[in-house]
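The values are calculated or read from the model by the stated rules, or taken from the named source; none is laboratory data. As the structure is a prediction and not an experimental result, all values here were calculated from the model. Don't worry about glycine lacking a Cβ; one is built from the backbone with ideal geometry, like all the others, and counts go over all protein chains shown. Note: areas computed on protein heavy atoms with side chains; ligands, DNA, RNA excluded. Shrake-Rupley method; radii C 1.70, N 1.55, O 1.52, S 1.80 Å.
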Amino acid sequence: MKPLTMYQTAALMLCFTAAHIFTLRPEGANLVVCIGAETAAAGIVFVIAIIINSLPALHGWAGKAVSALAGTFFLAAFLFILIGYCEEVQFSFPEFYSLPMTAAVLAAATVYCASMGLSGCVRSACAAVVMTVIVLAVMSGGAASGFDPDRLNLAVSDREGQFTRQLISALARSWELPLLVLLMRRTGRPVRAAALYALGRAALTAGILTVCAGVLGSVGQERQPVMMLASFAKTVIVERFDALMLLFWTLCTLLAGAGLLWAAWHCLQGVMGKAERRKA
Amino acid sequence: MAEKKNDRYAVAGTVNETLDRLKKLLGGSADLNTADAEINGVRCAVATIEGMASAQLLSELVLRPMAELAGSEEQTPQSLFSLISERSLLTADRTLTSSLEQAAELMFSGFAAVFVEGSQQAVLFGVQGYEKKAVNEPTGEHNVMGSQEGFTEVLRTNISLVRRRMKTPSLRLEQLRAGSRTGTDICLAYLAGRADSALVTELKRRIKGLELDTVLTSGMLKPYLEDGEGVRLFSEIGSTERPDVVCARLNEGRAVLLIDGSPFALICPSLFVESFRTVDDACSKPYFVLLMRVVRFIAFFFAVMFPGIYVAAANFHPEALSLKLLLNLAASESSTPYSLFVEMLIITVLLELMKEASVRMPKAVGSAISIAGGLVIGDAAVKSGIISSPLLIIVGLTATASFVIPGLSQQTSVLRLVYILAGGTSGFFGIAVVSAMIMCNAAATGMGGIPYTAPLLPFSRKGAADILSRRSPKALEQSHTVISELSEREGVSR
């Protein structure tokens, strides 16, 4: 079995960040605190992943029990991400998309993508992340003329409270951590892959939070600030076309979900005793 | 049992018995021609299959030289057989066999079998002379400045077309056979030292393991050579009818399969981005090549996604369209009985129908389809208010774009319909879902560790530079791209 490249692992993990970024909102008005908390969360995830990855693999009944537990977690995480996405889409486009229909279509498509194997998912994830980052950069560039540093509210009090809330929020939505550990065990350079992911996650989150807060001000703390920011962008296609964001949002969510389903399937194989043996 | 069968169809000691066995083996086939004669008192017979051997070659290369042996000193059957089979150069293409089944197989390929009284072996001489099509211009891969020669249905001719362009001893041509009934000859070509030996071995293993009764077209082999399981939208096995393309691919370290009876060679492996390259690119200026390749990628986008995006934007996301366009659209749609989505489906199915008709119908009535399709159906449909004019423009543009990439025409037709269905029922959400599924499907396709989507996914800087531009011959002189360079250094298993 050939290992994954660190870019492929990081890309699949960044799909989770990219999918979440469209609904990300700061937990407080002080931007620096929020960014600091997000960066700290990325660092904590990185450290936990390294620690778990260094633990010896369990065998026998203990290994099967861990596989069953992890498989259940992956399925639960998939359902949470799926339902969360569908609710947000329904909020954005209430007249077009019903929750059950969107969930059914997305679930079926995710199962199909996962059935294509990990190779298809990670290669597609690379393309999806690059395209999403480009679109977000174009959107941010278009809205940059409306950026006002005063809106960053650096002087707001209750910094500790904001930091804690943002950190808890960031860690609570780190569904991808067990998947990161699983992928690290199949990656050629696992520590670099995890570091690349943590850096990418921190940079992407901090960048979007900064632009949203700087352009939107207090409005940036409302639901789906990125979608709102798009309408402030001076780039015509981004400004007029809400669904452009939907395209990349769906793409990243779908691939992230496919990664979780693949992991659940992998764990099921572990429970059934068909897991691949790692080479020493 | 097998031994008995072999005995029954072995070359007998007498010519009469051998010919009887041969006739029995072939079931008294009407196309078996036999002629016997005596040379220096020894009875000999020549057997051929009518239409497969050239009468002129048979006469000049076998019969006449054998007649001249009449004056030789060889008097015994053994010495005469030895003279014919070993010491005289009647033709260079010569095989010995004691099995009539093997002799028959070679006779079906245009060999003449010579039997000598008292000898339990047959000598077979290659005097192929069956009717064949001349080397013509390729029908599906036209070009302006490159070679105008295309492959034919005859394997030997195709091999010679390749060999003529690659005069190197490292060009390996290995003959294989597939199809238990058709016994189709297949030639595996590759450059030793450049092609991946594991890939070559794997291809040979797969072809030898084929259990097909018939192999009549190159397409019948494809599913057995492809790596993936399940439905793959794209194929990692490319095909071409151009010998110059085959030579270029061989030079890149790929393996090529030439199949007797098919004018299409199979290229293993093939990449997605290669569908956007043409032979003319090598003869054009780099800036023109850049322009043309961008145009081809845009054409692919138009052909596949544009109708779906149009329906999705008009039905679900009208904010994407300008006010003037939206008003025009609303005005033209108000006079039609069907929704935009249904109209688009109808006209797209009609387009496929006309394409299929133009491929299948006799050439003599070719212009009739243009008139019927373009004028009668298109014009009348708009005038009668069944279809709106903007829609016809979209479909016309799509149809034109789809002809730009002939290598992906099957995928283009199917994916266009899928995108229309997705865009018409779910808007951009559907477009995104379908795009992700297609991307995963294409990215999961690959052969011998080389992904079909390389050098984009996974990204290779050196390979990616050739996607939109072409390297100058001077740069190629420095280093040639070899396909194995695109293999994932740290790949993944399925």
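Odds and ends about this structure:
- Neighbourhood charge, 11 Å Cβ-Cβ cut-off, centred on A:PHE163 and excluding it, Lys, Arg +1 and Asp, Glu -1: -2
- Point-charge dipole on Cβ atoms (K/R +1, D/E -1) for chain B, about Cα centre, debye to 20: 1200 debye
- Mean shadow area of chain B over all directions, Cα convex hull, nm²: 30.5 nm²
- The interface between chain B and chain A buries about 3200 Å² of solvent-accessible area in total (1.4 Å probe, ligands and nucleic acids excluded).
- Value at 222 nm in deg cm²/dmol, rounded to 500, when DSSP H runs of n ≥ 4 in chain A each add -39,500 (n - 2.57): -25000 deg cm²/dmol
- Around B:ALA45: net Lys/Arg minus Asp/Glu count, Cβ-Cβ under 10 Å: -1
- Dipole of the protein assembly as shown computed with +1 at Lys/Arg Cβ and -1 at Asp/Glu Cβ about the Cα centre; of A:PHE16, B:GLY126, A:GLY117, farthest Cα towards the positive end is A:PHE16.
- In region B:202-301, GluC sites (Glu not before Pro) in a DSSP loop with at most 13 other beta-carbon atoms within 10 Å: B:GLU211, B:GLU229
- Loop-resident sites, region A:150-189, for trypsin sites (Lys or Arg not before Pro), counting at most 15 other Cβ within 10 Å (DSSP): A:ARG185
- By accessible area with a 1.4 Å probe, ligands and nucleic acids excluded, highest first: order of B:PHE264, B:PHE115: B:PHE264, B:PHE115
- Rounded percent of accessible protein surface that carbon and sulfur make up, region B:28-93, 1.4 Å probe: 51 percent
- Separation between Cα centres of region A:26-63 and region A:89-146, rounded to whole Å: 24 Å
- Those chymotrypsin sites (Phe, Trp or Tyr not before Pro) in region B:275-377 that DSSP places in a loop and that have at most 16 other beta carbons within 10 Å: B:TYR338
- Put B:ASP280, B:ASP379 in order of accessible area, highest first, and with a 1.4 Å probe you get B:ASP379, B:ASP280.
- Environment charge at B:VAL62 (Cβ cut-off 13 Å; Lys +1, Arg +1, Asp -1, Glu -1): -1
- Multiplying each eigenvalue of the alpha-carbon gyration tensor of region B:24-97 by 5 and taking the square root yields semi-axes of 23, 15, 12 Å, largest first, rounded to whole angstroms.
- To the nearest ten degrees, helix A:31-54 and the longest principal axis of the Cα atoms of chain A are 10 degrees apart.
- Helix B:323-334 axis, angle to chain B major axis (alpha carbon atoms, nearest 10°): 70 degrees
- Whole-number D in µm² s⁻¹ for the protein assembly as shown, Kirkwood Cα-pair radius fed into Stokes-Einstein, 25 °C, 0.890 mPa s: 79 µm²/s
- Crossing angle, helix B:155-165 versus chain B [Cα axis fit, 0-90 degrees, rounded to tens]: 70 degrees
- In this view, the solvent-accessible surface of B:ASP244, computed with a 1.4 Å probe and all protein chains in place, comes to about 30 Å².
- Distance from region B:342-409 to region A:162-195 (C-alpha centre basis), Å: 52 Å
- Global size of region B:282-444: 17.1, 51 Å for Rg and Dmax (C-alpha atoms, Rg to one decimal, Dmax whole).
- Checked against a 27 Å cut-off, the cross-linked pairs B:LYS167/B:LYS474; B:LYS24/B:LYS208; B:LYS132/B:LYS355; B:LYS133/B:LYS204 give Cα-Cα distances beyond that limit for B:LYS24/B:LYS208; B:LYS132/B:LYS355; B:LYS133/B:LYS204.
- Taking chain B as a whole, the Cys residues whose C-beta sits 4.7 Å or farther from every other Cys C-beta are B:CYS44, B:CYS187, B:CYS247, B:CYS268, B:CYS283.
- Counting heavy atoms of the protein chains alone, B:ASP36 has an accessible area of about 80 Å² for a 1.4 Å probe.
- Rounded to the nearest whole Hz, the Karplus-based 3J(HN,Hα) values (6.51 cos²θ - 1.76 cosθ + 1.60, θ = phi - 60°) of region B:100-111 follow the sequence 6, 5, 5, 4, 5, 4, 5, 4, 5, 9, x, 8, with x at glycine and proline.
- Taken about its Cα centre, region B:2-126 carries a charge dipole of roughly 280 debye when the Cβ of each Lys and Arg holds +1 and the Cβ of each Asp and Glu holds -1.
- Accessible-area value, B:LYS208, 1.4 Å probe, nucleic acids and ligands omitted, Å²: 140 Å²
- Averaging Cα coordinates gives a centre for region B:254-316 and one for region B:82-132; these two points are 47 Å apart.
- Calculated Rg and Dmax of region B:245-289 using C-alpha coordinates, Å: 12.5, 40
- Within 10 Å of the Cβ of each residue in A:87-95, the mean number of Cβ atoms contributed by other protein chains is 1.
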